[in-house]
Protein chains: 2
Amino acid sequence: MSEMKDLLAIGHTAIDYIMTVEKFPKPNSSIPIETMNVFHGGAGANVAMVGAKLGLETSIISAVGEKFLNSEYEKNMHELNINTENMIVSEKYDTPTAFGMTNDEKDQIFYFYWGAGKEFAKSNPPEKAIKSSQAVHLATGNPTFNQKSSVIAKKNGKIVSFDPGQDLNMYNEQKLKKVLENCTILFANHYEIERIEKILNCDIDKVEEFGPEIIVKTSGKDGSTVYANKEKITVDSIYHPAIDPTGAGDSYRAGFLYQYIKGKDFEDCAKFASSVSSFIVEKQGCQTNLPKYKQVIERMKEFYENK
Amino acid sequence: MSEMKDLLAIGHTAIDYIMTVEKFPKPNSSIPIETMNVFHGGAGANVAMVGAKLGLETSIISAVGEKFLNSEYEKNMHELNINTENMIVSEKYDTPTAFGMTNDEKDQIFYFYWGAGKEFAKSNPPEKAIKSSQAVHLATGNPTFNQKSSVIAKKNGKIVSFDPGQDLNMYNEQKLKKVLENCTILFANHYEIERIEKILNCDIDKVEEFGPEIIVKTSGKDGSTVYANKEKITVDSIYHPAIDPTGAGDSYRAGFLYQYIKGKDFEDCAKFASSVSSFIVEKQGCQTNLPKYKQVIERMKEFYENK
């Protein structure tokens, strides 16, 4: 990885099996699966794929199984010129995989296989990869690996963006503070912000004091809010019929980072991000409907200028 | 498929996900998967793979998804020189997949995705493939496709072996009789034999009258029995510590057919078959521990001659 990159995404690359069944089976019985779709996902990979499609020079570090090599998924990354040479490849475990089942009553259950994800714990972040990127995004993956990455990134003057997401309960107060201390932008949805406030025992407008210059709270269709320089900017979400909300958050983060790296102001970052995620939710899967820069800008202008 | 084959296997090629979890999730919750292994399976493919490894010139017809093409699974088949050119390839559905979960209490649940398997119903068996094989094995897959295949095979003087297996409840009396009418060897385990007796309203020694010259009942570690020419031969199973009994039945069938095609007597067929399956159960997965002819013969001699 000699060339300079815009963005390094650190976090899971995963496979998502999305299934429907009439009902969930009782112990010692079997049930037919009515529909099954297999999607590429994982918070790290989602950010990398969206960012790369928009035009960022991107690299990724995830922990994957050997079958990932030369898979359709890796090929998709390479088509978008994503550098995968720092992937942690497990000989022992498969790529993290999620199995989600929805029954006729719309109840859901999820089985999560972390598999190769365990290898993060034994690995050290490659300094060279971090040094060759303008921004480092820390997604769900491994708190310790993220913490170590944040230290190296900060020391090297990088933009550090942090999205603990569903891993938030794996961060104790100390580990969370350590990453925040090194981070430029903290991303969290409204539930996660509440939890962070609880862990740090303060309100959102005080979280800045723990390190991040910018805090971005995303609230789904209720829009998003940027807290920075003791100010607060709220931006509506772009309404488009959502077929599948998964991936909305990751794509928002990629969009925000795209504009932030390009030096745009916070309002512009948030509007652009909202436009990006409006494309992702239009199709099932987090990487099915990756928009190009031009499409994002057009929809963004159309929505916010005509309001 | 111009060259002459020994065996054509018709039935599922499938992927088996075998997982362990602490407990099964309640609706609207998630649970981590503790271990996950992915195996190649499907009753048609198991018979083809075992037969081909023993040395039979083999071809297969299954209904698979597009991702099967050039997959590791297809490559494994090609390494054993299995002809896959008559595979039914679905543009719409994935290869049949089974998801089996076992909890800490050793309860199991299974989710079955039939997927591409549905395409059997819309397809006609390729006459040319059937004509170019000495024997045709009909495994779980689709009763109508199997019935049609049995008619063509019988008309062309082929050995027709039939293993309805778990699909037995999809055969009504008429369909079952139609396949039996065209079949040379009926394979079934002890549970399935009971069911067949019920459907046909007769004892096992009368099933011959419906068509099959040979009826083979497999009873796991209790051995197997061959009913033919109004006689009954019982053969002990070879005891070897079983790590995973799945695939035992399919490999027994492949072994039996191997010797039958070579003109061996029924006792020899059953002993050889039992030796084959003793290898398969030693490792997890139906195609993990495929034995070579020489290994099978050695173990067979060792066991039955030293008794």
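Mind checking the dipole of the stretch A:104-211: about its Cα centre, +1 per Lys or Arg Cβ, -1 per Asp or Glu Cβ, Debye to the nearest 20?
My answer is approximately 860 debye.
Taking every residue in A:10-19, how many Cβ atoms of other protein chains lie within 10 Å of its Cβ, on average?
Rounded to a whole number, the mean comes out at 1.
Tell me the Rg and the Dmax, in Å, that the Cα atoms of the stretch B:1-122 produce.
Looking at the stretch B:1-122, its Cα Rg and Dmax stand at 16.6, 55 Å.
Can you list residues whose amide H is under 5 Å from A:Ile61's amide H, if they're 5+ apart or on another chain and H is modeled 1.01 Å from N?
Sorted by chain and number, the residues that satisfy this are A:Ala9, A:Ile10, A:Gly11.
Too long at a 20 Å Cα-Cα cut-off: which of A:Lys175/A:Lys206; A:Lys106/B:Lys122; A:Lys92/A:Lys118; A:Lys178/A:Lys198; B:Lys217/B:Lys271?
A:Lys106/B:Lys122
Express the accessible area of the stretch B:143-239 per residue in Å², computed with a 1.4 Å probe while the remaining protein chains stay in the model.
50
Whole-Hz Karplus ³J(HN,Hα) for the stretch A:186-191, in order, using 6.51 cos²θ - 1.76 cosθ + 1.60 and θ = phi - 60°, x for Gly and Pro?
3J(HN,Hα) across the stretch A:186-191, in whole Hz: 9, 9, 7, 7, 5, 5.
To the nearest 20 Debye, how big is the dipole of chain B about its Cα centre, given +1 on the beta carbon of each Lys and Arg and -1 on that of each Asp and Glu?
Result for chain B is approximately 620 debye, rounded to the nearest 20.
Report, in debye and to the nearest 20, how large the dipole of the stretch A:152-198 comes out about its Cα centre when Lys and Arg carry +1 and Asp and Glu carry -1 on their Cβ.
In debye, rounded to 20, the stretch A:152-198 gives about 320.
Going 7 Å from Cα along the Cα-Cβ axis for the label, what nanometre distances separate A:Gly55 from the same residue across the other copies?
6.6
Suppose a student asked you for the relative contact order of chain B, using Cα pairs under 8 Å spaced at least 6 residues apart; what percent would you report?
The normalised contact order for chain B reaches 17 percent.
When ranked by the protection proxy of mean other Cβ atoms within 10 Å per residue, highest first, what sequence do the peptides A:129-139, B:23-33 form?
A:129-139, B:23-33
Out of every Cα-Cα pair in the protein assembly as shown, what percent are more than 40 Å apart? Could the numbers behind the result be given before it?
Values: 72868 of 188191 pairs.
Tail of P(r) above 40 Å: 39 percent of Cα pairs.
Nearest 5 is fine: what % of DSSP beta bridges in chain A come out antiparallel, could you say?
If we restrict to bridges inside chain A, about 45 percent are antiparallel.
With the Cα gyration tensor of the stretch A:202-284 giving a ≥ b ≥ c as the square roots of its eigenvalues, does the rule (a/c under 1.5 for rounded; else a/b larger than b/c for prolate; else oblate) give rounded, prolate or oblate? Don't skip to the end; give the middle numbers.
Values: a/c = 2.24, a/b = 1.73, b/c = 1.29.
Here the stretch A:202-284 falls in the prolate category.
Using the 7 Å Cα-to-Cβ label point, sort the distances from A:Glu127 to its equivalents in the other copies shortest first and give them in nm to one decimal.
7.4
With heavy atoms of protein chains only and a 1.4 Å probe, what residues of the stretch B:101-131 have at least 50 Å² less accessible area in the full set of chains than alone?
Checking the loss per residue gives B:Ile109, B:Tyr111, B:Phe112, B:Tyr113.
Springs between alpha-carbon pairs under 10 angstrom, Gaussian network model over chain A: which of A:Met87, A:Met49, A:Met36 fluctuates most?
Residue with maximal mean-square fluctuation among A:Met87, A:Met49, A:Met36: A:Met36.
Between chains A and B, what is the buried accessible area summed over both chains (1.4 Å probe, protein heavy atoms, nearest 100 Å²)?
Using a 1.4 Å probe, the pair buries roughly 2500 Å².
Once every DSSP H run of n ≥ 4 in the protein assembly as shown is given -39500 (n - 2.57) and the sum is divided by its residues, what mean residue ellipticity at 222 nm do you get, rounded to the nearest 500 deg cm²/dmol?
Dividing the helical sum by the residues of the protein assembly as shown leaves -10000 deg cm²/dmol.
Would you kindly derive the ³J(HN,Hα) couplings of the stretch B:279-293 from the backbone phi angles with the Karplus curve 6.51 cos²θ - 1.76 cosθ + 1.60 (θ = phi - 60°), listing them in order in whole Hz, with x for Gly and Pro?
Values per residue, Gly and Pro as x: 6, 4, 6, 6, 10, 5, x, 7, 10, 7, 10, 5, x, 8, 3 Hz.
Can you pull out the trypsin sites (Lys or Arg not before Pro) in the stretch A:25-106 that DSSP calls coil and that have at most 15 other Cβ atoms within 10 Å? Mind dumping the intermediate values first?
Numbers: sites: A:Lys53, A:Lys67, A:Lys75, A:Lys92, A:Lys106; in loops: A:Lys92, A:Lys106.
Passing both the DSSP loop test and the Cβ count: A:Lys92, A:Lys106.
Using alpha-carbon pairs under 8 Å, 6+ residues apart, how would you state the relative contact order of the stretch A:1-64 in percent?
For the stretch A:1-64, the relative contact order is 48 percent.
Between the stretch A:225-277 and the stretch B:240-280, what is the separation of their alpha carbon centroids in Å?
62
For the stretch B:249-282, which trypsin sites (Lys or Arg not before Pro) pass both filters: DSSP loop (anything but H, G, I, E, B) and at most 16 other C-beta atoms within 10 Å? Before the final figure, lay out each step's value.
Working: sites: B:Arg253, B:Lys262, B:Lys264, B:Lys271; in loops: B:Lys262, B:Lys264.
Counting only loop positions with at most 16 other Cβ atoms within 10 Å, the trypsin sites (Lys or Arg not before Pro) in the stretch B:249-282 are B:Lys262, B:Lys264.
Heavy atoms only, probe 1.4 Å: what % of the accessible area of the stretch A:1-57 goes to carbon and sulfur, would you let me know?
Accessible surface attributable to carbon and sulfur in the stretch A:1-57 totals 50 percent.
At 7 angstrom along the Cα-to-beta-carbon line, where would the label on B:Cys202 sit relative to the other copies? Give the distances in nm, shortest first.
8.6
Counting only DSSP beta bridges with both residues in the protein assembly as shown, what percent are antiparallel, rounded to the nearest 5?
40
Taking amide hydrogens as modeled 1.01 Å from N in the peptide plane, which residues meet the under 5 Å criterion relative to A:Ile15, leaving out close sequence neighbours?
Residues meeting the amide H criterion: A:Gly41, A:Thr97, A:Ala98.
Using alpha-carbon pairs under 8 Å, 6+ residues apart, how would you state the relative contact order of the stretch B:121-271 in percent?
15
Taking the rotation that carries A onto B, look along its axis and tell me which residue of A has the beta carbon nearest to it, distance in whole angstrom.
Output: A:Phe99, 3.
Based on the Kirkwood radius over alpha-carbon pairs, what value in µm²/s does the Stokes-Einstein equation return for the translational diffusion coefficient of the stretch A:123-167 at 20 °C and 1.002 mPa s?
Translational diffusion coefficient: 205 µm²/s.
The values are calculated or read from the model by the stated rules, or taken from the named source; none is laboratory data. Everything quoted here is computed from the prediction, not taken from an experiment. Quick reminder, even Gly has a Cβ in these numbers, built from the backbone with ideal geometry, and neighbours come from all protein chains shown. Keep in mind that these areas ignore ligands, DNA and RNA; they rest on the heavy atoms of the full protein, side chains included. Shrake-Rupley method; radii C 1.70, N 1.55, O 1.52, S 1.80 Å.
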